[in-house]
1. Could you calculate the contour length gain from Lys73 to Tyr131, that is, 0.36 nm times the residue separation minus the distance between their Cα atoms, to one decimal place in nm?
2. Given H placed on each backbone N at 1.01 Å, which residues far from Val56 in sequence or on other chains put an amide H within less than 5 Å of it?
3. If the limit is 18 Å between Cα atoms, which of Lys34/Lys97; Lys73/Lys97; Lys73/Lys129 go over it?
4. What's the FRET efficiency of Gln51 with Ala84 using the Cβ-Cβ distance as r and R₀ = 30 Å, to the nearest 0.05?
5. Please list, in order along region 54-63, the HN-Hα scalar couplings obtained from phi with the Karplus expression 6.51 cos²θ - 1.76 cosθ + 1.60 (θ = phi - 60°), rounded to whole Hz, x for Gly and Pro.
6. With a sphere of radius 13 Å drawn around the Cβ of Lys97, what net charge do the other residues whose Cβ falls strictly inside it have (Lys, Arg +1; Asp, Glu -1)?
7. Count the net charge of all other residues whose Cβ sits under 15 Å from the Cβ of Met1, scoring Lys and Arg as +1 and Asp and Glu as -1.
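No lab work stands behind these numbers, since they all come straight from the coordinates. All values reported here derive from a predicted model rather than from experimental measurement. Quick reminder, even Gly has a Cβ in these numbers, built from the backbone with ideal geometry, and neighbours come from all protein chains shown.
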Amino acid sequence: MIKIDCDIFHFESCDHINILGARQGLIFDSGSRKTFLFRSLQSQQNLGRMQSNGKVRLVDSPYTLSGIRFTSKDCVIIDELNFAPREIDALLMAVRKANAYLIVIGRILIKQLEYSVDAIYTFSYDSGKFYVERYFSNVSQQPFHADTAVCEDSTK
């Protein structure tokens, strides 16, 4: 489990691969404070106001990641705007291999990724704080029970 707490943001998750995006309706919109969230978190960390049970790495460029070996105590937070889908895929693979945590802030198209995410969260901003709410959870990662299953009939 990763826990991050600071003056403007509180996040707690057992999921290893997370996407955070601001949501209007059913899509993640541009101009909805995603980069502002990332920069605000950088500022909180630089001021020593961020507390976490893991090592939080706020990464604003794929070049910053070269040579870093992740551990299960790492939590990497990136601003998706600065990464190409291939670079995010490579990061996802490294994070999964190390059993580390990754938080991607952005409006990334899930179909662009080769690796699945564990959870998607939406956030809002009000009175100087960011509020996070779970939007999607990968049920294959969670204990799940269903009474009915719907399948495609490939014989028709």
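1. 18.5 nm
2. Cys75
3. Exceeds cut-off: Lys34/Lys97; Lys73/Lys129.
4. For R0 = 30 Å, the calculated efficiency reads 0.40.
5. x, 8, 8, 10, 8, 10, 9, 8, x, 5
6. 0
7. Within the 15 Å Cβ shell, the charges total -1.
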